[in-house]
Structures are given as structure tokens and as C-alpha cells.
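Shown next, in C-alpha cells, is the structure this report addresses.
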Amino acid sequence: MQPIFKTLPEKKLIGMHVNMSIANNKTVDLWRGFMPRRKEITNNLNADLFSLQVFNPQFNFQQFDINAPFEKWAAIEVSNFDSIPESMHNLTIPTGLYAVFLHKGPASEGARTFGYIFGTWLATSGYVIDNRPHFEILGEKYKHDQPDSEEEIWIPVKSIVQKHESSSFV
């Protein structure tokens, strides 16, 4: 499974978020609270849903700690922040390079894809994780736990390849 590299333009999102960890996973509760209210967001750009994670800059993806806290979002992309429904919040994803992976299969098997990304691909990729939000786009092919479900996994990266200035010796 190889990613496609895309430079993401800045995106504006409105949604709901919670602080959680993998050990204290509140994802289901977050989405149960968000989905009935998503239609209150009136300036959405499309029907795609964003499942987004904001990690602490010191978060270690190679030595994953299931108790490490992060912020989890359920959100929709919007054109502006002029109208934010009560108890919802806004977030801007800054522009940057992303490695985009396609997860095919039930959402419950997502750990396998993430394990490959962080346990295998990253170590030999020539990239490191950049300090920007990670997210999954749940588009029209997303069917939650169905075997034919598809979602895009966007991992913020930056190249570790250093560009060296050429030197000449006299």
C-alpha cells in the first residue's frame, strides 16, 4: 500500500471535538453527538465528513502510547466561519504536504492500515510526521463497517531529505 502525496490547501472545518486517548476512546460518543446535528452547519462545501486528530507535537508515533491524550474531531468542511452552531467549534487545517492512503474495508479494521503506515511505511519512506492535524475523509464510498467501505487517511509529512549546497574546493 503506497500513498499518493498531495499538498493540501488550507481548509476550514466546523464540528465537535473531545479530548481522549486510544485507551479512553470516545470516538463513538463524539460521532453520536455530531451526526444528528451536522445539518445545522449551513455553509458546508460538500457532504464529506472529517474524522480528525490533533496530536501534541511530542507525540511519538513509533512508540505509540495508548494513554497519550489527543483531540478528536467530527467535522465538515465549510466556506467560512460566519455561522457556527451552538456548542460547535471551528478549526483551520493549514496548508501542507500529506501522504494519502486508501483504507478499503470495514472501519473496525482501520488499525491494520494505521499499523502499516506508522509501523512499516514511515520508517523507510524518507518522511517524518509534521505537526499538523491528521484526518480521515469519510466520503461517498464510506460505509462504516461494510467490507466494501473506503476512506482516505491523510497523514501530515515533511521530507527528511536534506538539500545540500554544492561546495567547491580550490
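Among the residues in the stretch 32-46, are any touching a residue at least 24 places away in the same chain (Cβ under 8 Å), touching a strand residue (DSSP E or B) at 6+ places or on another chain (Cβ under 6 Å), part of a loop (DSSP other than H, G, I, E, B) and not aliphatic (A, V, I, L, M)? Checked the stretch 32-46: at least one residue is touching a residue at least 24 places away in the same chain (Cβ under 8 Å), touching a strand residue (DSSP E or B) at 6+ places or on another chain (Cβ under 6 Å), part of a loop (DSSP other than H, G, I, E, B) and not aliphatic (A, V, I, L, M). Apart from one condition, residue 17 fits all of (1) within 27 Å of residue 127 (Cα to Cα); (2) surrounded by 11 or more Cβ atoms within 10 Å (Cβ to Cβ); (3) in contact with a strand residue (DSSP E or B) (Cβ under 9 Å, 6 or more places away or on another chain); the exception is (1).
Of the residues making up the stretch 47-79, just one is β-branched (Val, Ile, Thr), touching a residue at least 60 places away in the same chain (Cβ under 8 Å) and within 27 Å of residue 127 (Cα to Cα), namely 54.
Residues that are on the phi < 0 side of the Ramachandran plot and surrounded by fewer than 16 Cβ atoms within 10 Å (Cβ to Cβ) number at least 1 in the following strands (runs of 3 or more DSSP E) confined to the stretch 73-170: 89-93, 96-104, 127-129, 150-159. Set side by side, the residues 157, 128, 100 differ, and just one is modelled with pLDDT of 95 or more and under 20 Å from residue 64 (Cβ atoms), which is 157. What are the pairs with Cβ atoms under 9 angstrom where one residue, in the stretch 80-98, is touching a residue at least 60 places away in the same chain (Cβ under 8 Å) and closer than 19 Å to residue 153 by Cβ and the other, located anywhere, is surrounded by 14 or more Cβ atoms within 10 Å (Cβ to Cβ) and hydroxyl-bearing (Ser, Thr, Tyr)? Sequence gap at least six, or different chains. That search, which allows pairs on different chains as well, returns 97/127. Evaluation of residue 130 against the conditions (1) acidic (Asp, Glu); (2) under 28 Å from residue 29 (Cβ atoms); (3) touching a Gly at 6+ places or on another chain (Cβ under 7 Å) shows that the sole unmet condition is (2).
The values are calculated or read from the model by the stated rules, or taken from the named source; none is laboratory data. Owing to the predicted nature of the structure, the values given are computational and were not obtained by experimental measurement. With ideal geometry, Cβ positions are generated from the backbone for all residues, glycine too; neighbour counts draw on all protein chains shown.
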